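Please treat every number below as a calculation from the coordinates, not as lab data. Just so you know, these numbers come straight off a predicted model, no measurement behind them. When we count neighbours, we look across all protein chains shown, and the Cβ atoms used for this are built from the backbone with ideal geometry, even at glycine.
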Amino acid sequence: MKKVWITFAFLFSFQMMTQTGGVTFAQDTIDIKILSPDVVENYPGLEATVQAEITNLSNIELKNAMAYITMADIGKHMTVNLEDYGADVPILLDTLQPGQSVKVELPIRFVYTSKYKLYVTVSSDDDQQIHSSESIPVHILGNTKINPIFVQIVSIAMPIILLLLLFFVKRRKKQ
Amino acid sequence: MIAALIGKEIKENVFSKKSLWIYFAVTLLFSGLALSFVSVKELSLLAQVEVNMTFMKVVLGISILVTIIIGSNMYAGERERETLESLLLSPLSKAQITFGKLVGLLLFWFIISLLSLPYFFALSMGTDIFVKALVFLYLICFPLVIGFAALSLGFSTILSSTKSSTLLSFILFLVTAIPMFLSTAMKKSGFAHIVDTVSPLSRSMLTLKDYFVNRLGFAVLMVDLLPVIIFLILSIALLLFANNKITLKGGE
């Protein structure tokens, strides 16, 4: 009977050990909320400002925090090069005191036609975890009225006209 | 007499066989770019205004490059071919000769700009961008092109060889184009920031954006263009200074 209790005690302590040593979920130290816009649906060329509120939920100050926009193209399943969108420069928040909230305004210019998820990301020197807000849907509608056939005709005809002119000049000089 | 000189410059630089080959090469480049706007998926997703802005940048870049190459050859070339003396012995004043050469150079640019119009027409179809492109090309690009033409012509007058004047004009063009090769972050600090603020090329790009996309008013566009106007004045001043330096060596 004693052996049974010892075995039970061993198994119980083992169970406890595996529970504490298992996967732990890091607590969010920074809360990010996108205040505006809620949704973007417009044509390419639209310049917008994403307003976000960043709160330090931890009890330590976070140094050199910076906030930036991230966008994922859900049509192509890839992240975008934010330099094209003029949104590659992060906003430096310096030090975030415990409980402090700051509002940031991140400019962006939507260039390419597609559907995206846009979110604000914050990172700090004192925190290995990267924090992101919930995403907002962005739909950039196609508005081009370019007629590809007409562009092709012009693109083919122009060099041909110049080439014919060159042959004409060459022939005239020979005569 | 000055009309005859302008005629000679047009014959030599605007409608010569060499020039026709240059026009052909330019149209090939324009065609390649225009076709890529409708065939390359990434580029076909661009907004129509963005397409026209990119095309305008290429037109401007090519116009300036070709202008400085031809301009650098104008006086230095005459010197190398030993025809400058006979030109100076003509009844025309030095200022008139320089003016004639400048007109010939600007006519060359004008033809390149005319070649770009069918492309602009095709790429701006269904919008008011074509009119804007015309305004930008002939009112805003024009001072910039005159500036670079005067600069290259000035160098061509001062320096003895075509190579040297072309190289110097080309280096200056590249310096003004530095901000175009840098990222947004790099342009915001240090030397790149200074160049970006004063570069006539960079400022004309800003004007392009403010005019096409931001649709800003005349006053803002004028502020954007201020470095371009200063550049134009300085280039003409250099050309006038160089013009006074032309001397008739005389025979031995």
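Things to note:
- Phi-derived couplings, Karplus 6.51 cos²θ - 1.76 cosθ + 1.60 at θ = phi - 60°, listed residue by residue for the range A:150-158: 5, 4, 5, 4, 4, 5, 8, 5, 4 Hz, with x used for Gly and Pro.
- Chain B - percent relative contact order, Cα under 8 Å, separation 6 or more: 26
- Semi-axis lengths (Å, descending) of the ellipsoid that matches the C-alpha gyration tensor of the range B:1-84: 36, 12, 11
- Spin-label model distance (nm) - A:Val169 vs B:Asp128, 7 Å beyond Cα toward Cβ: 3.9
- Per-pair calculated FRET efficiency, R0 = 41 Å: B:Lys163 and A:Gln51 via Cβ, rounded to 0.05: 0.15
- In units of the rule-of-thumb radius 2.2 N^0.38 Å, the range B:94-151 shows an alpha carbon radius of gyration of 1.35.
- Cut-off under 5 Å, modelled amide H: who pairs with A:Leu35 long-range: A:Gln51, A:Ala52, A:Glu53
- With viscosity 0.890 mPa s and temperature 25 °C, the Kirkwood radius over alpha carbon pairs of the range B:152-207 converts through Stokes-Einstein to a diffusion coefficient of 201 µm²/s.
- Overall shape of the range B:200-252 was characterised from the C-alpha gyration tensor. The equivalent ellipsoid obtained from it has semi-axes of 39, 9, 6 Å, in decreasing order.
- The phi torsions of the range A:112-121, fed into the Karplus equation with coefficients 6.51, -1.76 and 1.60 and a -60° offset, translate into couplings of 9, 6, 4, 10, 10, 10, 10, 8, 9, 10 Hz, rounded to whole numbers, with Gly and Pro shown as x.
- If you look at the Cα atoms of chain A, you get an Rg and a Dmax of 29.4, 122 Å.
- Rounded to the nearest 10 degrees, the inclination of helix A:2-20 to the longest alpha-carbon principal axis of chain A is 30 degrees.
- In Hz, Karplus ³J(HN,Hα) per residue of the range B:186-203 (6.51, -1.76, 1.60; θ = phi - 60°; x = Gly, Pro): 5, 6, 8, 8, x, 4, 4, 5, 5, 4, 4, 6, 9, 5, x, 5, 5, 6
- From the largest down, the range B:102-194 spans 49, 41, 18 angstrom on the principal axes of its Cα atoms.
- Loop trypsin sites (Lys or Arg not before Pro), the range B:154-252, which have at most 14 other Cβ atoms in a 10 Å radius of their Cβ (DSSP): B:Arg215, B:Lys249
- Taking every alpha-carbon pair in the protein assembly as shown and binning the separations at 10 Å intervals from zero gives 4, 17, 21, 20, 14, 10, 6, 4, 2, 1, 1, 0, 0 percent.
- When the Gaussian network model of chain A links Cα atoms closer than 10 Å, the mean-square fluctuations of A:Leu92, A:Leu165, A:Leu106 top out at A:Leu165.
- Principal axis extents of the C-alpha atoms in the range B:2-175 (largest first, rounded to whole Å): 58, 30, 27.
- Ordered by the number of other Cβ atoms lying within 10 Å of each residue's own Cβ, fewest first, A:Tyr116, A:Tyr85 fall into the sequence A:Tyr85, A:Tyr116.
- Expressed as a fraction of 2.2 N^0.38 Å, the value expected for a compact globular protein of N residues, the C-alpha radius of gyration of the range A:49-140 is 1.13.
- Measuring max minus min along each principal axis, the C-alpha atoms of the range B:141-252 give extents of 63, 29, 19 Å (largest first).
- For B:211-222, mean number of other protein chain Cβ atoms within 10 Å: 1
- 5 angstrom amide H check on A:Asp126, placed H, neighbours 5+ away: A:Lys63
- Partner chain coverage, peptide B:48-56 - average Cβ within 10 angstrom: 3
- Taken residue by residue and averaged, Cβ atoms of other chains lying within 10 Å of the Cβ of A:157-170 number 5.
- Each part gets one Cα centre, and for the range A:136-175 versus the range B:98-125 those centres are 16 Å apart.
- Mean residue ellipticity (222 nm) of the protein assembly as shown, computed from DSSP H runs ≥ 4 via -39,500 (n - 2.57), nearest 500: -19000 deg cm²/dmol
- Annotation: amide H of A:Gly45 within the under-5 Å range of A:Phe110, A:Val111, sequence separation 5 or more or interchain, hydrogens built in the peptide plane.
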